[in-house]
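This report concerns only the one structure given below.
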There are 2 protein chains.
Amino acid sequence: MSPQGRPEGEYRSAQHEGNPVTPQGPKSEYAIAAQQDSSASGTLLLVPNTLDLGAAEVDLQDVLPLAVIRRAAGLRYWAAEDARSTRAFLKRVDAIVPLGVPLQTLDIRELPRPRKGSREAIPAQEWHALLAPALQGHDLGLISEAGLPAVADPGAALVAAAHAASVPVLPLAGASSLLLALAASGLNGQSFAFVGYLPQESAARLARIRELEGMSRRLAQAQLLIETPYRNGAMLAALLEALAPTTRLSVSCGLTLPSGWSRSEAVAQWRARGVGVVMPDRVPAVFVFAAG
Amino acid sequence: MSPQGRPEGEYRSAQHEGNPVTPQGPKSEYAIAAQQDSSASGTLLLVPNTLDLGAAEVDLQDVLPLAVIRRAAGLRYWAAEDARSTRAFLKRVDAIVPLGVPLQTLDIRELPRPRKGSREAIPAQEWHALLAPALQGHDLGLISEAGLPAVADPGAALVAAAHAASVPVLPLAGASSLLLALAASGLNGQSFAFVGYLPQESAARLARIRELEGMSRRLAQAQLLIETPYRNGAMLAALLEALAPTTRLSVSCGLTLPSGWSRSEAVAQWRARGVGVVMPDRVPAVFVFAAG
């Protein structure tokens, strides 16, 4: 992307603008946070994972910067979606940069999960408890099952807890399949929305796709969505059923994997191709579409 | 993120659903593309750049996977936003993995720019012409000034041209400041929109911020936006003026840089902090907010 990509003529200097920010509003909560000695606190490091979950493993150095692998190797405290897969990840790290302490002695805590059938939010103190190592001065790694943590996963609540407790948050450079798919789509990267999962029920899903297509048209906004891998074929079918022929649809499947591919064309062209498109049922995919 | 993060009980197997896709619609355009011998074509590689544009350079291995550096070192043909900064990038690559051919002999073409004052789209044949090396069987790199190419930059048109010409598109793993900022915000990663730049004019900008806040509330959607670095201070002031006290605002500044930071709290807390927040005027920032 181009952080400085606008034509120069449009700029006005910030120096000539007054700063309307004045110290107003409730101070209590911030004042409490500020009273903590944040210099004694460790950092919450957001550690990117690979994108090969459920597929054949790629070389860690294909997808992660060496510095990220080094930082991961040095961390003793972890918060993770899944402890077992985090240990598997750290074994791969260890093969490149030896871990600072033996794998068995690492402190890996799993993120709390909502109780089965319960829609109640997890109490704030459960998140805060996970921050204990950081509050005691140790760096703490947060990792998810794939890609960036705290994007489309429960880790976001831990990041929010860290900010509330004045624990510094440091995202390490890593890839998100969402943005790789957007880049590979050739669709509008100036304006896009990630809408997560769609309803499972067929009629509701078709209605939702049409609603999103309407938003895409109205806002000139590309729409990104994902599905559980083994339902990707059904999702593609639903998109081709619901979308207008002129809408552009991109599918990226298995990004960063040797078998990965990206295809982007009008829905009419996808339909012409028909059943020739096979979606593997164990490989993550990202769908992007933009109304034509 | 969790591509498989939904509870198992919600799934239905795709095998039990019919495929409503039937070969319908116009076949002409696709048929033409399919006639090409795509096996003879090179690949359009989307090469991520660092996020240190305009700042002190970071070590390339802090932010890019070794495999990406190797692929970049081996490419002879490039399409770039800016040839000069691409050569500077490739000098940094060369220091880690020697380039396949001398820097001076690389073929680096700049993306076409709209004529000054013109709002006319660049003709499709100009984009197609840039694909010449790929159509002749060579791999072609696309790179932007920062982060992923074809996200919030003109490269998306080249990617679209590649798809139209059946040139395979391969995004290499790299970081986007947008998603790093979202991860670091702790705000809702399940649903978010990137809205690009806001209007420059003060009243229009405030109105747009309030419109986006309304969407954030209605859709439970985090809103991401960027600004030219030297206007970041003015943008923060406008956000603090326009947003509701309970809206959560996150600012990530200089991500992946040693001086980088992320802060996330309610607007009321930001206001209490007042002018104590200094936005550097040469460092890229990403703003994220979510209505409370």
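FYI, it's all coordinate maths here, none of it is from the lab. What you see is a predicted model; the values in this text were computed from it and never measured. Positions of Cβ are backbone-derived with ideal geometry, glycine not excepted, and every protein chain shown enters the neighbour counts.
Just a few scattered comments:
- C-alpha center-to-center spacing [the range A:226-273, the range B:239-258] in angstrom: 35 Å
- When the alpha-carbon atoms of the range A:78-172 are used, the pair Rg, Dmax equals 13.8, 42 angstrom.
- Copies compared at residue A:261 - label distances in nm, ascending, label defined 7 Å from Cα in the Cβ direction: 4.9
- Rh by Kirkwood over Cα pairs, then Stokes-Einstein D for the range A:36-89 at 1.567 mPa s and 4 °C, µm²/s: 100 µm²/s
- Packing-based ranking of B:153-163, A:212-222 yields B:153-163, A:212-222, ordered from highest to lowest mean Cβ neighbour count within 10 Å.
- Evaluated with a Cβ-only charge set (Lys, Arg +1; Asp, Glu -1), the range B:80-176 carries a dipole of roughly 240 debye about its Cα centre, given to the nearest 20.
- With respect to the axis relating copies B and A by rotation, the chain B residue whose beta carbon is closest, plus that distance in Å, is B:193, 2.
- Translational diffusion coefficient (Stokes-Einstein; Kirkwood radius from C-alpha pairs) of the range A:177-290 at 25 °C, 0.890 mPa s, in µm²/s: 177 µm²/s
- Inter-chain Cβ neighbour average for residues B:58-65, partner chain, 10 Å: 6
- With neighbours defined as other Cβ atoms within 10 Å of a residue's Cβ, the residues A:41, B:202, B:252 order from fewest to most as B:202, A:41, B:252.
- Between copies, the label points at residue B:246 (set 7 angstrom from Cα along Cα-to-Cβ) are spaced 4.2 nm, reported in nanometres from shortest to longest.
- Between residue B:70 and residue B:138, the FRET efficiency from the beta-carbon distance, with R0 = 22 Å, is close to 0.85.
- Unit charges at the beta carbon, dipole of the range A:177-290: most positive-side option, A:242, A:258, A:197: A:242
- Two-site FRET efficiency, residue B:220 against residue B:96, from Cβ-Cβ distance with R₀ of 45 Å, rounded to 0.05: 0.55
- Sorted shortest first, the separations between the residue A:94 label point and its copies elsewhere in the assembly read 4.1 nm; each point sits 7 Å from Cα along the Cα-to-Cβ line.
- Calculated FRET value between residue B:104 and residue B:282, using beta carbons and R₀ = 25 Å, to 0.05: 0.25
- Spatial offset of the range B:42-92 relative to the range A:90-146 amounts to 33 Å, using the alpha carbon center of each.
- Antiparallel beta bridges, as assigned by DSSP with both residues in the range B:148-292, represent about 85 percent of the total such bridges.
- The alpha carbon gyration tensor of the range A:121-174 gives principal lengths a ≥ b ≥ c with a/c of 1.5 or higher and a/b no greater than b/c, which makes the shape oblate.
- Trypsin sites (Lys or Arg not before Pro) restricted to the range B:92-184 and DSSP loop, no more than 14 other C-beta within 10 Å: B:115, B:116, B:119
- In this label model, residue B:129 and residue A:120 are separated by 6.7 nm, measuring between points 7 Å along each Cα→Cβ vector.
- Rounded to the nearest whole angstrom, the semi-axes of the ellipsoid equivalent to the range B:103-252, taken from the Cα gyration tensor as √(5λ), stand at 36, 18, 14, largest first.
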